[in-house]
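Structure first, then comments.
The values are calculated or read from the model by the stated rules, or taken from the named source; none is laboratory data. Since we're looking at a predicted model, the values are computed, not measured. Note that each Cβ is placed from the backbone with ideal geometry, even for glycine, and that neighbours are counted across all protein chains shown. What goes into the accessible areas is simple: the full protein's heavy atoms, side chains included, and nothing from ligands, DNA or RNA. Shrake-Rupley method; radii C 1.70, N 1.55, O 1.52, S 1.80 Å.
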Amino acid sequence: MVANSLSLSTWQQARWMLPLRPSTQADIAAARAEACTCTARRSPTGRPASATPSRVGLVQPAAWRGMNLSLRAHRRATRATRGSAARPTAASAAADAAAASGQAAGDVALSISTFNILAPIYKRLAGEAVRESAFREEWVARNERILAALRAVDSTVVCLQEFWFNADLERMYHDALEEHGYQLFKLPRTNARGDGLVTAVRGGQGVSVADYEPILFNDCGDRVAQLLRLRVRGGEMLLVNTHLLFPHNANSSLIRLREVYKVLEYLEQYRQRHGLPALPIVLCGDLNGTKTGRVYRFLRSQGFVSCYDTAKQHADNDACWVSHRNHHGALVGVDYIWLLNPSAQDEPLTADWKAAIFQMIKAKLGEAGMEEERQAFDFFRSDSEAGAQGQGEVPEHVTAEQFKYAMDQLGLTGEGTVGLTRVEIEELVQCVDTDGNGVIDYDEFKSLLLAPSMEETYARIKEATGIVELPWPSNPAASATSPAPTPFTVQPDTSSAPDLLVCEAQLVPDPMARGVWPDDYSISDHAILTAAFTAAGTHA
């Protein structure tokens, strides 16, 4: 393992609260006063909302751990900075575990960190009215501390979300990370949202990038993902970094599920395009959903395991840890590093977002009392210009524009819905239009109505992947005192493809593992989540 090159002075600076500069304090105070004045003018009660600026600083010294420091060297560094011993890091604990099992410490193949760094355009300094991006000194200082923290963690791969695509900030990260041997892959969100994803990979030590492709969801949230094919110690793996839609309303979980469908669908297509065998898949990022959500349950049904929960031996219904404090002040666990090994990939990835949407269309038609095929087809043709203008018989097909109009009428587009975009609707039409003539005829339309229900699809997934579903507890919170069995378990096969094993995982700051948010942590509203891996069957 490579020793961490972070100096002790930088290490100390990265850990302690750094005060705001006087000029910036005055600027924020003025902005806060103005924001309060504006809020008071708008408030029906005449009382301004709280406008206390976020504190700028970092977690207390006990939390940051150098992922590639040996345990002994790390303890020496910690004693030098604060005069006390510290707990081992994810990588050092993994090395200890490897040694205990007869593996060499060098068998730790790679470590992966995921971190939503809170874009300055989203960080609130004085309520909703003032954002950090207006104060250069503030976002520069905070991101310098983020970079110091990332250098201290020292993972092989770093997956960042909410990276602000500002020229100066890009240069700062590029220079700082490249200096430490990282290669950066950047992907802004679509429609110039301002932020996006960055994945940094440090070459050497048997790790290199074989391929990279961006994944554009083209959805209402303008979300994206990054796919990297990595070579690790002579083998290969697929890595995905993404940031799913924030839960704005009741339909957001369906949109996030669709985004995950698109990722898995893209992975399967990529594997087929390149003629690849089943490879370990690591999916990480800010998924904006907890263990009780649809995305979590779906990924478990596909054979994925949460690396942190695996390392800590948590059950699926054990929600004892947190990784995010949202702008409402709620503490939730939404950041994940998921692993799907070749031994759990008996069948191709079964996710198909279009099939899920067709099932929704079928359900919406049923709710409207249009269960007959002909009746539903006529509904889709009802916007025909020929029929509206009395120009004779309505054509026996559905155009792309008619299909879009029907989606509007069924409540599948627009704010507060599942939010289908024009691009997604065009993909749906192309999927149904099997002869490629640009319209959907009656026989093609009938195939749309044959889409299996979610229950039927899930049953097929369980049968294909060997999932055994156990009863879900009625009160998930009760697991803190009386642990329940894991709801989903996978029966692995004897595939010869090498698996990745989770050695250790860690949340930083440490208190978040216990569901506690440290008062003096403010470099982001998310924790750094790291997992260390080794290849199955590697021994000294």
Discussion item. Based on Cα coordinates alone, diagonalise the gyration tensor for the stretch 194-269, multiply each eigenvalue by 5, take square roots, and list the semi-axes in whole Å, largest first.
Written reply: 28, 13, 9
Discussion item. 5 Å is the cut-off here: which amide hydrogens, built 1.01 Å from N in the peptide plane, fall below it relative to SER323, excluding neighbours closer than 5 in sequence?
Written reply: VAL332, GLY333, VAL334, ASP335
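Using a cut-off of 10 Å between beta-carbons, work out the net charge of the residues near HIS526 (Lys and Arg +1, Asp and Glu -1, HIS526 not included).
-3
Extension gain ARG273-ALA210, at 0.36 nm per residue separation less the Cα-Cα distance, in nm? All intermediate terms of the calculation are to be shown ahead of the outcome.
Working: separation 63, 0.36 × 63 = 22.68 nm, distance 1.48 nm.
Between ARG273 and ALA210, full extension yields 21.2 nm more.
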Fill in: Mean Cα-pair separation over length for the stretch 288-332, i.e. relative contact order, pairs under 8 Å, 6 or more apart, %
27
Worksheet item: How much accessible surface does ASP519 have with a 1.4 Å probe, in Å² rounded to 10?
Response: 130
Discussion item. Using a 7 Å offset from the Cα along the Cα-to-Cβ direction at both ALA536 and ALA192, what is the distance between the two label points in nm, to one decimal?
Written reply: 4.9
Worksheet item: For the stretch 185-268, what is the accessible area per residue in Å², given a 1.4 Å probe and the full set of protein chains?
Response: 31
Discussion item. Using 19 Å as the Cα-Cα cut-off, could you pick out the over-long pairs in LYS186/LYS354; LYS354/LYS446; LYS262/LYS446; LYS291/LYS364; LYS291/LYS312; LYS186/LYS291?
Written reply: LYS186/LYS354; LYS262/LYS446; LYS291/LYS364; LYS186/LYS291
Worksheet, complete the sentence: Charge tally for neighbours of LEU257 with beta carbon under 11 Å away, counting Lys, Arg as +1 and Asp, Glu as -1, is +4
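For ASN317, what is the net charge nearby, where nearby means another residue's Cβ is under 12 Å from its Cβ and Lys, Arg count +1, Asp, Glu -1? Before the final figure, lay out each step's value.
Details: positive: LYS291, ARG297, ARG300; negative: ASP309, ASP316, ASP318.
Here the count lands on 0.
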Worksheet entry | Under Karplus coefficients 6.51, -1.76 and 1.60, residue-wise ³J(HN,Hα) of the stretch 163-175 in Hz, glycine/proline x | 7, 7, 8, 9, 4, 5, 5, 4, 5, 4, 5, 4, 5
